[in-house]
Amino acid sequence: MSGELPPNINIREPRWDQSTFVGRANHFFTVTDPRNLLLTNEQLENARKIVHDYRQGIISPGLTENELWRAKYIYDSAFHPDTGEKMVLIGRMSAQVPMNMTITGCMMTFYRTTPAVLFWQWVNQSFNAVVNYTNRSGDAPLTVNELGTAYVSATTGAVATALGLNALTKHVSPLIGRFVPFAAVAAANCINIPLMRQRELKVGIPVTDENGTRLGESAQAAKQAIAQVVVSRILMAAPGMAIPPFIMNTLEKKAFLKRFPWMSAPIQVGLVGFCLVFATPLCCALFPQNSSMSVTSLEAELQAKIRESHPELRRVYFNKGL
């Protein structure tokens, strides 16, 4: 790009049109890129400086539009959109594919014994707890008790589901047994995400008008946000936990895996990883990140407050989290 960079590029919004699925998918393919994990602290801080400076009208000499967008996406991959805090490395969306492919692959390989189920469901829920807390919506901090309750409840739910289904599937086809980890993960997501974000359900999440002006906090918006995230997370796990069982069930009857049984785990991890590379950004893109709802769906007090200050407003917007 030649000439000076214009000062009016809206980098508070994604580069692609977020009203379309394709635009959201492009956005999340960039956000979930695992290569972002390899960036140094210096590169992250430099990206933050470029973004903060540009928002204040300060443009670095020689900065191009592509470099600005690259800095914006590096910034978004590592810093929380509401609090501005640097996120824990394994809690970032760019860690989803490498972390989930390893954990999910192992859950689906070592699912036959109780100790293995206990260990891998615990590892998975520990990871989920970090991700759900890191990507929470709003800026209301959770207490240690709330964090502990969410973590213990989700882990207990996942383990109970996995062990219960394992017991039920002992006398059915081995292929059916391979789907037990997915059922446990789906059940745990329904427990873990609402509990990890329980404070949002109590005090609400920030809602704004289309210009980003904060109007108040809404628990109704939090309910919609959390429901969308639960659906996205379950569907995100589905391809990686539904397709490999069929492939592995066939491969384990072949001479190669009978001769080299230790290859089962690496093959399973690879298959899950391949599915997650596509499922992660595509399922994140199912719902707009900056979600919206009708003013009439909000709490009565907040509706009255908005009607008084913004009588023409029909919809409010909020960050749904990830």
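The values are calculated or read from the model by the stated rules, or taken from the named source; none is laboratory data. Everything quoted here is computed from the prediction, not taken from an experiment. Methodologically, a virtual Cβ is constructed for each residue, glycine included, from the backbone with ideal geometry; neighbour enumeration extends over all protein chains shown. Just the protein is used for accessible areas: all its heavy atoms, side chains included, with ligands, DNA and RNA removed. Shrake-Rupley method; radii C 1.70, N 1.55, O 1.52, S 1.80 Å.
Looking for whichever is small (Gly, Ala, Ser), open to solvent by less than 60 Å² (accessible area, probe 1.4 Å) and not assigned by the TED database to the domain that holds Ala167 here; the options are Gly62, Gly57. Which one fits? Spell out how you get there, then give the answer.
Details: Gly62 fails: open to solvent by less than 60 Å² (accessible area, probe 1.4 Å).
Sole residue among the options that is small (Gly, Ala, Ser), open to solvent by less than 60 Å² (accessible area, probe 1.4 Å) and not assigned by the TED database to the domain that holds Ala167: Gly57.
Selection within region 22-51: residues that are acidic (Asp, Glu) and open to solvent by less than 70 Å² (accessible area, probe 1.4 Å). The member of this set that is modelled with the highest pLDDT is Glu45. Filter region 91-117 down to the residues that are farther than 17 Å from Ala237 by Cα, part of a helix (DSSP H, G or I) and open to solvent by 50 Å² or more (accessible area, probe 1.4 Å) and list them by number. Selection gives Thr114, Pro115. Annotation note: Cβ proximity below 7 Å between a residue of region 203-217 that is in a loop (DSSP other than H, G, I, E, B) and modelled with pLDDT of 85 or more and a residue that is of a type in the set (D, E, K, R) and open to solvent by 30 Å² or more (accessible area, probe 1.4 Å) (sequence gap 6+ or interchain) occurs for Gly204/Glu217.
Yes/no matrix, rows are residues, columns are (1) more than 30 Å from Ala221 (Cα to Cα); (2) surrounded by fewer than 19 Cβ atoms within 10 Å (Cβ to Cβ); (3) touching a helix residue (DSSP H, G or I) at 6+ places or on another chain (Cβ under 8 Å); (4) modelled with pLDDT under 85:
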position	(1), (2), (3), (4)
Met236	no, no, yes, no
Glu252	yes, yes, yes, yes
Pro261	yes, yes, no, yes
Gln268	yes, no, yes, yes
Cys283	no, no, yes, no
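Scanning for something over 25 Å from the mean Cα position of the chain (by Cα), among the acidic types (Asp, Glu), modelled with pLDDT of 85 or more and more than 25 Å from Val152 (Cβ to Cβ), does region 75-94 turn up at least one residue? Checked against the condition, which is being over 25 Å from the mean Cα position of the chain (by Cα), among the acidic types (Asp, Glu), modelled with pLDDT of 85 or more and more than 25 Å from Val152 (Cβ to Cβ), region 75-94 yields no hits at all. State whether one or more residues within region 222-238 are free of Cβ contacts under 8 Å to residues at least 40 places away in the same chain and of a type in the set (Lys, Arg). Checking region 222-238: at least one residue is free of Cβ contacts under 8 Å to residues at least 40 places away in the same chain and of a type in the set (Lys, Arg).
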